Amino acid sequence: MDEPIVSKFDTLYYFKAICGAAMFLMPTVYAICKILTGNLEHPGKAYIMTMIFIASLSIYSYFFSKSWKRITVTPTEVIVYDVVLKKQLTVAYSDIIRIGTYRMRSSDRGSSFSQDFVIELSGDRSVTINEAWYDNYNQLTMAIYKNKYGLGHGRDRYLARR
């Protein structure tokens, strides 16, 4: 019987993301402190800047939270657990309509390319696993291919090279 494969977060990716959030947070805290301790006769500019920083931090946090998922691949299903929102999505292999990989330029890795592994489900839903998010990306994707299509689908040779 196959053992479940649990995703391992890429620590450098999350370190960069948390540092980026801190860079947004520091000017916001500074602006709020200036508003509270400063001259409140004309606070319009400070309020506007604070709102811009808070909006930027919210947008950044939203996109960052979408990548903070723990993936568990078992022989019968794929479990996607959203660490931030504490939601779990269980995907049976029979519910998977199509699996594909897409390569795109990764801005956080300079000029290298990052690969997205997309699992398309019924009801116009999909699950995306990005190569930059996980240390064991190849193990996760190959286990999903193997469990969905079985051995001999051409991916087992690729898995043997890794």
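Each reported figure results from applying straightforward, stated rules to the coordinates on display, with no laboratory input. Quick caveat, the model's predicted, so the values are computed rather than measured. Reconstructed Cβ throughout: ideal geometry from the backbone, glycine too, with neighbour counts over all protein chains shown.
Counting only lysines at least 8 places from Lys16 when in the same chain, those with an alpha carbon closer than 27 Å to its own are Lys8, Lys66, Lys69, Lys86, Lys87. The packing ranking of peptides 141-147, 118-124, highest mean first, is 141-147, 118-124, where packing means the average number of other beta carbon atoms within 10 angstrom of each residue.
Per-residue 3J(HN,Hα) values for the stretch 114-131, derived from phi via the Karplus relation 6.51 cos²θ - 1.76 cosθ + 1.60 with θ = phi - 60°, read 10, 10, 9, 9, 10, 10, 8, 10, 5, x, 6, 9, 8, 10, 10, 10, 9, 4 Hz in sequence order (x marks Gly and Pro). Looking only at the stretch 17-32, which residues have a backbone nitrogen under 15 Å from a spot 7 Å from the Cα of Ile52 in the C-beta direction? Output list for this probe position: 24-25, 27-32.
Between Val29 and Glu120, the C-beta separation translates, for a Förster distance of 41 Å, into a calculated FRET efficiency of about 0.50.
Karplus-based coupling profile of the stretch 7-23, in residue order and whole Hz: 5, 10, 5, 7, 5, 5, 4, 6, 5, 4, 5, 5, 4, x, 5, 5, 5, with θ = phi - 60° in 6.51 cos²θ - 1.76 cosθ + 1.60 and x standing for Gly or Pro.
Amide H contacts under 5 Å for Asp10: Tyr134, Asp135, restricted to partners 5 or more places along the chain or on a different chain, H placed in the peptide plane at 1.01 Å from N.
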